[in-house]
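The values are calculated or read from the model by the stated rules, or taken from the named source; none is laboratory data. Note that the structure is predicted; figures quoted are calculated from it, not measured. Cβ placement follows ideal geometry from the backbone for every residue including glycine, while neighbour counts extend to all protein chains displayed.
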Amino acid sequence: IGIDPLSLHFLAAMLPAIALGSIGVAGVGGGGTFAALIVLSTLNFPVALVGIFIAIEPIVDMARTALNVNGSMMSGVLANRILNNHTADDMPAVIDRP
């Protein structure tokens, strides 16, 4: 394609496109494909390259989801240990129900 990925012009065009694309598709299932479409069309790359992303995106998406779930569980465990919170079974009931 003949593009220097380290040129200042290329980086100045790429960074805003990636930032806006990542904000717009965060939390959307298969959002990586849409982000790739945004970035590729902004940088005048052939949009046909998205076919490659469509082929590998489900595999990468499963790994990304597993990593996000693992990170969320770990942050909950660490926050609980740091704050010394107890479970509801450890504390007496505050409200008595009839």
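Can Ala48 be described as modelled with pLDDT of 80 or more, farther than 17 Å from Thr65 by Cα, of a type in the set (A, V, I, L, M) and under 16 Å from the mean Cα position of the chain (by Cα)?
no
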Practice item. Starting from segment 30-44, take each residue that is under 22 Å from Phe10 (Cβ atoms) and list its partners that are polar (S, T, N, Q), counting only C-beta distances under 7 angstrom and pairs at least six apart or across chains. Key: Ala35/Ser22
Practice item. Say whether the condition of being loosely packed, with under 11 Cβ neighbours inside 10 Å, outside any loop (DSSP other than H, G, I, E, B) and modelled with pLDDT under 80 is met by at least one residue in segment 26-37. Key: no
Check your understanding: Of all residues in segment 1-45, how many are of a type in the set (S, T, N, Q) and farther than 25 Å from Asn68 by Cβ?
Key -> 4
